[in-house]
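Since the structure comes first, as structure tokens, the remarks are kept for the end.
The values are calculated or read from the model by the stated rules, or taken from the named source; none is laboratory data. Note that this is a predicted model, so its numbers are computed, not measured. Methodologically, a virtual Cβ is constructed for each residue, glycine included, from the backbone with ideal geometry; neighbour enumeration extends over all protein chains shown. Surface areas here come from the heavy atoms of the whole protein model, side chains and all, with no ligands, DNA or RNA. Shrake-Rupley method; radii C 1.70, N 1.55, O 1.52, S 1.80 Å.
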Amino acid sequence: MVATLGIALPEIRQSFSLSAIEAGSSFSVMMIIAAITSGIAGRLADKIGRKTVLITGLSLLAFGFVAAGITGNSLMFFCFLGVTGLGYGFTPPSLYALMSDLLPDHRGLGTSLVSVAYGIGGAVGAVLASRIMAVSGWRAAFVTVGAIAAADTVFQIYWIRDTHPRRVAGHTGSAREAITRPLLTLALAEFIGGSVFWSSAAWTPTLLRTGKALTLKETGMVMGVLSMANMIGSFSLGSLSDKFGRKLVIVLSAFPAAAAAFLVFYWLNSPVAIAFGIFLFGTLKASVPALVVALAQETAPAGRAGTASGIIMSLHYTSGVIAPLLAARFIAGTGDIIVAMILATSIPLVLYGCLIIAVDEHKGLRPAQIHC
């Protein structure tokens, strides 16, 4: 849906006679509502069950996107994008919590699989949406993607067996008890680490074309490498964290990622060298958000994996709203996009690693231990 909205934006502007700012705010509507509702959705996943929240989120995604594609009123278009954002906020926390229940001893692998699938879906969605738009227009692309979400909803209703409510719903406690100091530290770490994810996604293409003089084709190739590196890095770091520990893997990847960002943005100039450097950078920074979610689930009190996931994802989406604007401010203030991108990536990654070091990695009790 995010990929489809981005590709369709010029046609949407024309259909509703939107200004550039109004068109750009369509992303903000989705992200702001997702940021607000993710924490609530995580809490609900602990109280009423992961499956209920996930199905609700998928249903809202399907309805909101189809309705946005059908309406001819610009105000209703933004309202339906808000409904889509509500679904976007409900889905990941419940999904991460479900993976935690399925793989309690391999949370790194579980959360990284979600990130990898997200990346694949974004890539497939971009290709699918562009081809449908070329034949039938942006509204047909919206309806098609919404129909896919509806089909996914039906599949999950049939497939998922959520045992969480029967086991631990009565032991979730209050929301205040779930918000611990380690969780707050991890939320701040996610906000800072997530800013690197969003800033690099938003501004790296511009840096490559203006600061490194790459062609449009070369820029597309490098950004494809970055997307692939994010997926490979998430899966690799997730698997390693199950074996060697969450904190250790995050810290040992965060600081080299800061160095890799400086290397790519400041030193490298040829397309091939930049591609290799961006692959290293993308792989090393891929602990966000998957491993932070996994670490939050483990440091949270028993039965509150959903609450922990929701809070982390809320800060991730909040960072998505703020970070690109902050990077733009750096670019305007320094007048040098290379220096600005170093400020927006290398320094936050160092701070991110330091905050992870400060986390008290005590283990919450597993649900089965509550009954003992």
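Observations on the structure shown:
- Selection of first residues in the stretch 39-68 that are among the aromatic types (Phe, Trp, Tyr) and of second residues that are not in a helix (DSSP H, G or I), restricted to Cβ pairs under 6 Å at least 6 apart or on distinct chains, gives the following pairs, ordered by first then second residue: 65/1.
- Checked against (1) at negative phi; (2) touching a helix residue (DSSP H, G or I) at 6+ places or on another chain (Cβ under 6 Å), residue 303 passes all but condition (1).
- Qualifying residues in the stretch 260-302 (those that are open to solvent by 10 Å² or more (accessible area, probe 1.4 Å) and outside any helix (DSSP H, G or I)) - the one nearest to residue 35 (Cα to Cα): 289
- Of the residues making up the stretch 127-157, just one is free of Cβ contacts under 8 Å to residues at least 24 places away in the same chain and under 21 Å from residue 103 (Cβ atoms), namely 155.
- Residue among 117, 134 that alone is more than 20 Å from the chain's Cα centre (by Cα), modelled with pLDDT of 90 or more and open to solvent by 50 Å² or more (accessible area, probe 1.4 Å): 134
- Between 71, 4, the distinction of being β-branched (Val, Ile, Thr), touching a helix residue (DSSP H, G or I) at 6+ places or on another chain (Cβ under 7 Å) and surrounded by fewer than 18 Cβ atoms within 10 Å (Cβ to Cβ) belongs to 71 only.
- Residue check for residue 127: over 26 Å from residue 224 (Cβ atoms), out of contact with any strand residue (DSSP E or B) (no Cβ under 7 Å at 6 or more places or on another chain) and either of a type outside the set (Phe, Trp, Tyr) or not in a helix (DSSP H, G or I) (or both): no
- In the stretch 339-361, the residues that are closer than 22 Å to residue 267 by Cβ form Cβ pairs under 6 Å with partners that are at pLDDT below 95 and open to solvent by 10 Å² or more (accessible area, probe 1.4 Å), at six or more places apart or across chains, as follows: 340/330; 340/331; 340/334; 343/330; 344/330.
- Members of the stretch 8-31 found to be of a type in the set (S, T, N, Q) and closer than 21 Å to residue 140 by Cβ, listed by number: 14, 15, 17, 26
- Residue list for the stretch 322-357, restricted to those being under 29 Å from residue 248 (Cα atoms) and not hydrophobic (A, V, I, L, M, F, W, C): 324, 345, 346, 348, 352, 353
- For the residues 54, 75, 81, the requirement of being within 19 Å of residue 99 (Cα to Cα) and in a helix (DSSP H, G or I) singles out 54.
- The set of residues from the stretch 246-257 being touching a residue at least 24 places away in the same chain (Cβ under 8 Å) and of a type outside the set (S, T, N, Q) comprises 246, 247, 249, 250, 251, 254, 255, 256, 257.
- Members of the stretch 32-76 that are among the β-branched types (Val, Ile, Thr) and within 30 Å of residue 21 (Cα to Cα): 32, 33, 36, 37, 40, 66, 70, 71
- Residues in the stretch 275-302 that are hydrophobic (A, V, I, L, M, F, W, C) and over 15 Å from residue 352 (Cβ atoms): 275, 276, 278, 279, 280, 294, 300, 302.
- Being open to solvent by less than 40 Å² (accessible area, probe 1.4 Å), farther than 22 Å from residue 239 by Cα and modelled with pLDDT of 95 or more holds for only one residue in 147, 126, 140, and it is 140.
- When we screen 275, 294, 328, 286 for residues that are touching a residue at least 24 places away in the same chain (Cβ under 8 Å), over 24 Å from residue 218 (Cβ atoms) and of a type in the set (Gly, Ala, Ser), the only hit is 294.
- When the criteria are applied in full, residue 66 fails the requirement of being surrounded by fewer than 24 Cβ atoms within 10 Å (Cβ to Cβ), at pLDDT below 95 and in a helix (DSSP H, G or I).
- Residue that is nearest to residue 274 (Cα to Cα) [pool: residues in the stretch 214-236 that are open to solvent by less than 20 Å² (accessible area, probe 1.4 Å) and under 22 Å from the mean Cα position of the chain (by Cα)]: 222
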